[in-house]
Amino acid sequence: MLNGKVTDAEYTYQRITYVKPVEHHYGKDEEQPYIKYGCPVCELLNNKHQVTFGSNNCPLCNVNLIWEEPTSSNRMRIYKAIYGMGGIATGGYFKSLVAADCKENVAGLLCEEHDEEVLITRVDETDKKSEYADEHVLTTERI
Ligand SMILES: [Zn+2]
């Protein structure tokens with residue numbers, strides 16, 4: 001699982017990707033627990049190594065690292081989506097809460113989550129903000 005952010009820019013090629021380092025917690029039961037950080041990209045490639053807190057880039061794959069916690073400005077908005085999905089036998093209507101940067105991204109995230117095309121009925125922005133700075137589907141229920 002990758003967490004991070006992509007900076008907004010007018011053109012796609014101007015957007016810059018940052019990933020949040022993975023935290024490995026050690027010594028939980030000891031007096032002084034400590035955290036080591038890893039590069040999430042390298043870990044996905046089974047090349048686990050440590051990165052120094054505050055480094056701008058991974059020394060191995062050079063990906064940009066982001067260290068700050070999600071703030072109200074980079075937290076994702078939460079949208080409520082109503083949509084149809086599936087064939088005659090298994091299909092139906094579903095309701096999902098989706099953390100997304102903008103309304104236009106919601107359908108794509110749902111397709112990715114369910115690995116099939118969804119037919120959006122409506123998408124409403126809620127007044128909630130996600131705890132996370134990445135886009136993902138939070139909940140899905142059949143309606
Ligand atoms: Zn790396």
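We did not get these values from a lab; they are worked out from the coordinates using the rules stated. Quick caveat: nothing in here was measured; it's all calculated off a predicted structure. Cβ sites come from the backbone with ideal geometry, for glycine too, and all protein chains shown count toward neighbours.
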Considering only the range 22-54, state which residues are exposed (fewer than 14 other Cβ atoms within 10 Å of the Cβ) and among the hydroxyl-bearing types (Ser, Thr, Tyr). 26, 34, 52
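So that you can scan it fast, the table gives a plain yes or no per residue for (1) over 26 Å from residue 97 (Cα atoms); (2) in a strand (DSSP E or B); (3) polar (S, T, N, Q):
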{"site": "28", "(1), (2), (3)": "yes, no, no"}
{"site": "37", "(1), (2), (3)": "yes, yes, no"}
{"site": "55", "(1), (2), (3)": "yes, no, yes"}
{"site": "61", "(1), (2), (3)": "yes, no, no"}
{"site": "67", "(1), (2), (3)": "yes, no, no"}
{"site": "82", "(1), (2), (3)": "no, yes, no"}
What tally of residues in the range 92-111 results from selecting those that are loosely packed, with under 14 Cβ neighbours inside 10 Å, charged (D, E, K, R) and touching a residue at least 12 places away in the same chain (Cβ under 8 Å)? 0
Being part of a loop (DSSP other than H, G, I, E, B) and loosely packed, with under 14 Cβ neighbours inside 10 Å is the filter here, so list the residues in the range 125-143 that pass it. 131, 143
If you scan the range 44-54, which residues turn out to be closer than 16 Å to residue 18 by Cβ and within 10 Å of the ligand (Cβ to nearest atom)? 44, 51
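Taking into account only those residues within the range 93-124 that are under 18 Å from the mean Cα position of the chain (by Cα) and assigned to a strand (DSSP E or B), which is farthest from residue 19 (Cα to Cα)? Walk me through how you get there before you give the answer.
Step one: list which residues in the range 93-124 are under 18 Å from the mean Cα position of the chain (by Cα), which gives 96-115.
Now narrow it down to the ones that are assigned to a strand (DSSP E or B): 96-100.
Values: 96: 26, 97: 23, 98: 20, 99: 17, 100: 17 Å.
Across the range 93-124, the extreme among qualifying residues is 96.
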